[in-house]
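The values are calculated or read from the model by the stated rules, or taken from the named source; none is laboratory data. A quick note: this is a predicted structure, and the numbers were derived from the prediction, not measured. Note that each Cβ is placed from the backbone with ideal geometry, even for glycine, and that neighbours are counted across all protein chains shown.
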Amino acid sequence: MRSATLPPGPRHDSGRPPAARPWCASALHPRSGRELDDAQAYKRVRALWQSTQGECRTARLIQLRNIKAKDIMSEKLIICQRSERVSEVLGRMKKMDIHELPVVEGGKLLGMVSYDMFIKRKSLPLSALVENIMIMPPKVDINSSITRVAEVMLTNSFRAVPVTAAGEVAGIIAREDIVSRLVEFDQLEQINVKDVMTPDPLTITEEEHLEKARAIMRDLDVRALPVVDKEGRLSGVLGIKDIMGYYTQERAQRKPKEIDTRMSPHLHIAVGSLMSTPAISMGLKGDLHEAVKKMAENHISSVIIVEGRMPVGIVTQLDILELVASYQERRQVYVQITGLDEQDPDLYDEMYHMIEKLMNRITPITMPQLLMLHFTEHHRPKEGRNFTLRARLSTSHALYFAEGSDYELFRLLDTVLDNLGKQIVKDKERMKDRREEPEE
């Protein structure tokens, strides 16, 4: 993963927020891999602003900046030691129903372990020590704003971050803590869930194997998959906790001589036997406040959007974090690139150069804030290496998406960045046309 901050480019032309419904060029859907037509791509844009004669209905959300990390952090820390084994840590995480554990000794933060680390590794000895797999997470101060905390989570791909005071760990904040706090903001009722959801989410059937579900989660960096029956109707949800619970249960039920010491248990079990049911869902006419409330009350990371019984979208904690982070005051653009194995600094330098050109192009129209690029590398015996790219650009006015697939890395990046730029320019034109329409 590479992160950087870039200058926003030319001075932003102040003005009212544009209509948050820009057009999106044809692209591949990030979860299904299917090509989107113009109508579907149009729906990929998720409005963070809702305009009525130029006034933002969610203006009160700026008060999020006044909420501090110390106001929402969990002070009762559940930790692990670097000398513990992976099997012990997994058992504790399952028992306490938590996804991340800070590694702390003498009040000092040494690192973090999480479910994500286990999902992304194809094989991991359960006898391995924590110190050999832990990674150092970013830290936030107890007086950091909730918008800053959300920004740190987004730009570093962590779902929980430790909170420090005077150099020692004072607590921890997870995505769920931020989502729960947003329940008190009824202004979210003015944002329609269909403007926030990811449409046409990739699903998995009840009969498919757990290994496929794990691979999808690993490649798309998601924690939950909607499960459907043979008719495509929503029947449940498979989450990362369900998979990790199976790991520990499967190992515990086997005799000592039969235990495989590596974390690669029998994954040819049907998804339907492990999924959580019923799935927490809501209709297309619902609002974002309803989705946030469902997440908080049910302690879940996503809500499935249905039409009839068919899943047509999904809203996740990541979407909520992007909304919160959009209210963080900043003078730089945060850029995050994930999914590439290459360590060549020249490769990333060229990427940042291409990104900077986009920033200079769009800054006179809207102020860019967060750009996240996630590459997935595919190796096909006959076709060679192929890349897919999902891009999410958060600006002061809206959130934009673009996706694509290509065998050439820089050509793919250029195409996707150009796609984002076209959306923003089209958005500006749409707003201009709206202003020029005669009043009735």
Fill in: Looking only at segment 323-359, and only at residues there that are exposed (fewer than 14 other Cβ atoms within 10 Å of the Cβ) and of a type in the set (S, T, N, Q), the one that is modelled with the lowest pLDDT
Gln343
Discussion item. Checking the structure you have, find out if any residue of segment 104-124 is loosely packed, with under 15 Cβ neighbours inside 10 Å, on the phi < 0 side of the Ramachandran plot, without any contact (Cβ under 8 Å) to a residue 12 or more places away in the chain and among the basic types (Lys, Arg).
Written reply: no
Item to complete: Output the residues belonging to segment 161-209 that are polar (S, T, N, Q) and more than 20 Å from Leu399 (Cβ to Cβ).
Response: Thr164, Ser180, Thr203, Thr205
Discussion item. For segment 133-148, check the following and say yes or no: at least one residue is over 30 Å from Arg65 (Cβ atoms) and at pLDDT below 85.
Written reply: no
Worksheet entry | Pairs where the first residue, in segment 72-90, is within 16 Å of Gly107 (Cα to Cα) and the second is β-branched (Val, Ile, Thr) and surrounded by 19 or more Cβ atoms within 10 Å (Cβ to Cβ), C-beta under 6 Å, 6+ apart | Ser74/Ile172; Ile79/Val104; Cys80/Val89; Cys80/Val103; Cys80/Val130; Arg82/Val103; Arg82/Val130
Item to complete: Give the residue, chosen from Val222, Val163, that is in a loop (DSSP other than H, G, I, E, B), on the phi < 0 side of the Ramachandran plot and crowded, with 19+ Cβ neighbours inside 10 Å.
Response: Val222
Discussion item. Condition first: of a type in the set (A, V, I, L, M, F, W, C) and assigned to a loop (DSSP other than H, G, I, E, B). Now tell me which residues in segment 71-98 satisfy that.
Written reply: Met73, Leu77, Ile78, Ile79, Ile98
Fill in: Checking Glu329 against (1) part of a loop (DSSP other than H, G, I, E, B); (2) within 18 Å of the chain's Cα centre (by Cα), the condition it does not meet
(2)
Discussion item. Take the residues in segment 305-319 that are aliphatic (A, V, I, L, M) and surrounded by fewer than 24 Cβ atoms within 10 Å (Cβ to Cβ); name whichever of them is nearest to Pro368 (Cα to Cα).
Written reply: Leu318
Discussion item. Given the criteria in a helix (DSSP H, G or I), buried (at least 19 other Cβ atoms within 10 Å of the Cβ) and either at negative phi or of a type in the set (A, V, I, L, M) (or both), does Leu101 qualify?
Written reply: no
Worksheet item: So which of Lys108, Lys120, Lys139 is under 23 Å from Ala224 (Cβ atoms) and among the basic types (Lys, Arg)?
Response: Lys120
Worksheet item: Which residues, taken from segment 131-143, are buried (at least 21 other Cβ atoms within 10 Å of the Cβ) and touching a residue at least 40 places away in the same chain (Cβ under 8 Å)?
Response: Val140
Worksheet, complete the sentence: If we keep only residues of segment 181-209 that are in contact with a Pro (Cβ under 9 Å, 6 or more places away or on another chain) and either modelled with pLDDT under 90 or polar (S, T, N, Q) (or both), then the residue surrounded by the most Cβ atoms within 10 Å (Cβ to Cβ) is Pro201
Fill in: All positions within segment 285-298 that are farther than 16 Å from Asp319 by Cα and not in a helix (DSSP H, G or I)
Lys285
Worksheet, complete the sentence: Within segment 110-131, restricting to residues that are at pLDDT 90 or above and farther than 20 Å from Glu176 by Cα, the one that is nearest to the chain's Cα centre (by Cα) is Gly111
Practice prompt. Please go through segment 166-192 and pick out each residue that is in a helix (DSSP H, G or I) and of a type in the set (S, T, N, Q).
Written response: Ser180, Gln187, Gln190
